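Written out below as structure tokens is the structure these notes cover.
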Amino acid sequence: MSETVRFGVSLSLGLLDEFDVLINKLGYESRSEAVRDLIRQKLVQEEWKAPDHQTLAAVMLVYDHHKMSLPSRLTEVQHDAYAQVIGSFHVHIDKRNCLEVVVMKGKGKDLRALAQKMMSLKGVSYGVLNMGTGAKRLH
Ligand code: NI
């Protein structure tokens, strides 16, 4: 872990009050931890903009497995991208619906494209990409 430093921040009392209400609602025990998380979020967002940065992501898909050929097409997309797809987790929600989380590793733009490919398959009723990080710069 790197050295810890303290620094001061100037802002209006109104803005600080709003921030305190928010972080209290979110369960933060201190402003410092809330500010650290905001900084980390911003750094991860910037990582995803860098064209060659290696990162991680998880895409969540909800779909009806009765939709013709969807499960096999989804498997095919993942096999085609075996270098990026680390693993997946499948839950049978009910008799029809499945929830699948696919964890991926690679360049942000490649992972975004791969997630989009899976989310746009016919029969996927909900899909969302969660941008992750290798966390090298976040400590
Ligand atoms: Ni299922």
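The values are calculated or read from the model by the stated rules, or taken from the named source; none is laboratory data. Because the structure is a prediction, the values reported are computed rather than measured. For neighbour counting, all protein chains shown are included, and Cβ atoms are generated from backbone atoms with ideal geometry for every residue, glycine included.
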**Message:** For the structure I just gave you, tell me whether A83 is surrounded by 12 or more Cβ atoms within 10 Å (Cβ to Cβ), away from the ligand (no atom under 12 Å from the Cβ) and of a type outside the set (V, I, T).
**Reply:** no
**Selection count, the range 1-33, where residues are assigned to a loop (DSSP other than H, G, I, E, B) and of a type in the set (A, V, I, L, M)** = 4
**Prompt:** What residue, among those in the range 69-78 that are away from the ligand (no atom under 13 Å from the Cβ) and in contact (Cβ under 8 Å) with a residue 24 or more places away in the chain, is surrounded by the most Cβ atoms within 10 Å (Cβ to Cβ)?
**Reply:** Q78
**Request:** Give the number of residues within the range 86-130 that are in contact (Cβ under 8 Å) with a residue 40 or more places away in the chain, within 16 Å of the ligand (Cβ to nearest atom) and β-branched (V, I, T).
**Result:** 3
**Complete:** Among (1) in the same structural domain as L114 (by TED's automatic domain parsing); (2) touching a Ser or Thr at 6+ places or on another chain (Cβ under 6 Å), V44 falls short only on (1)
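One line per residue, one yes/no per condition, for (1) outside any helix (DSSP H, G or I); (2) modelled with pLDDT under 95:
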{"position": "E47", "(1), (2)": "no, yes"}
{"position": "Q78", "(1), (2)": "no, no"}
{"position": "F89", "(1), (2)": "yes, no"}
{"position": "M118", "(1), (2)": "no, no"}
{"position": "V128", "(1), (2)": "yes, no"}
**Request:** Would you mind finding the one in R36, R73 that is over 30 Å from V5 (Cβ atoms), among the basic types (K, R) and in a helix (DSSP H, G or I)?
**Result:** R73
**Prompt:** Which of the residues spanning the range 47-59 are closer than 16 Å to V103 by Cα and surrounded by fewer than 17 Cβ atoms within 10 Å (Cβ to Cβ)?
**Reply:** Q54
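Could you tell me which residue of the range 20-68 is nearest to the ligand (Cβ to nearest atom), considering only residues that are polar (S, T, N, Q) and closer than 17 Å to G108 by Cα?
Out of the qualifying residues, it is T55.
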